[in-house]
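Please read the structure below before turning to the comments.
No lab work stands behind these numbers, since they all come straight from the coordinates. For clarity, every value in this text was computed on a predicted model and none was experimentally measured. Every residue, glycine among them, receives a Cβ derived from its backbone with ideal geometry; neighbour counts consider all protein chains shown.
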């Protein structure tokens, strides 16, 4: 299990480095995202939906505050359309990350670990716990991308990946965009409470998963 955690931390650091770079340079802020979505809304709702999808997809390559974007999607687009845009963006990022890692990810793992026995062991561990990890991966930033990449690198079946990732991502997107649609600048309470509640629930799920793995060991 330590080897699997080490691999996931390595991948997480790669994704986190983009967040650090963006924060340090000020290239993209939450205010920039808000202004960009407002401008897209003034042109056409279709452009706004595409902007939301693009931002959530870009999270695969650069660190984007996806929960904030999803809340804004609900606020600017309304619930049905905002939810559809958010789900599309989340699934697109996950599927592309999975596909790229299924094709090229094993090369990265072989560079990090030369011991084929350990790689086989990590494959077995992720096969056992990977589906649960995909369901609760929205607990923390960067974790969804890492989980999708690990699923691809360990060659989880496409059907199983889509099912597990969808079980975690679609309800999350539906809830987050809904609370965004009923929130406002004057009353941001629904969005704040939902963000805290969902994050806390998923963090507890991660804690329980960690305890279960420890007991199994």
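Here are the numbers for this structure:
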| quantity | calculated |
| --- | --- |
| Burial ordering of 138, 215, fewest other beta-carbon atoms within 10 Å first | 215, 138 |
| Sites residue 127 and residue 170, calculated FRET efficiency, Cβ-Cβ separation with R0 25 Å, nearest 0.05 | 0.60 |
